[in-house]
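The values are calculated or read from the model by the stated rules, or taken from the named source; none is laboratory data. These numbers were taken from a predicted model, which means no experiment stands behind them. Methodologically, a virtual Cβ is constructed for each residue, glycine included, from the backbone with ideal geometry; neighbour enumeration extends over all protein chains shown. Heavy atoms of the whole protein, side chains included, go into the accessibility calculation; ligands, DNA and RNA do not. Shrake-Rupley method; radii C 1.70, N 1.55, O 1.52, S 1.80 Å.
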Amino acid sequence: MNLIINGEKRDVESNTTLLALLSQLGASEPYAVAVNQSFVPREQCEGIKLADGDQIEILSPIQGG
């Protein structure tokens, strides 16, 4: 299935959960994640099954000043 991850189209296995995708991508905390522009709490990532065309944004904090 095709997903859009941080604006980039990517092909992933069908029936992938959000938690599995984050693991495959090597996402490391701290980060925030949104699916189709809706924030997903970290404890809910395992229960979110992704669908073809979903848009995922993975955001990491940036330090600066």
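Note down the net charge around N2, summing +1 for each Lys or Arg and -1 for each Asp or Glu among other residues with Cβ under 12 Å from its Cβ.
Values: positive: K9, R10; negative: E8, D11, E13, D52, D54.
Local net charge: -3.
What is the sum of charges around V35, taking Lys and Arg as +1, Asp and Glu as -1, for the other residues whose C-beta is under 9 Å from the C-beta of V35? Could you put the intermediate results ahead of the total?
Working: positive: none; negative: D54, E57.
Around V35, the charge tally is -2.
What do you get for Rg/Rh of the chain when both radii come from the Cα atoms and Rh is the Kirkwood radius? Could you put the intermediate results ahead of the total?
On the way: Rg = 11.7 Å, Rh = 12.1 Å.
Here Rg/Rh amounts to 0.97.
Using a 1.4 angstrom probe and counting only protein chains, how large is the accessible area of E29 in Å², to 10?
Ignoring ligands and nucleic acids, E29 comes out at about 130 Å².
What residues qualify as long-range amide H neighbours of A27, i.e. H under 5 Å apart, gap of 5 or more or another chain, H built at 1.01 Å from N?
none
Measure off, as a whole percent, the carbon and sulfur share of the 1.4 Å-probe accessible area of the chain, all protein chains present. The partial results should precede the final answer.
Details: 2040 of 4540 Å².
Of all accessible area on the chain, carbon and sulfur atoms account for 45 percent.
Taking Cα pairs under 8 Å and at least six residues apart, what relative contact order does the chain come out at, in percent? Before the final figure, lay out each step's value.
Details: 98 pairs, mean separation 29.2, N = 65.
Reported relative contact order: 45 percent.
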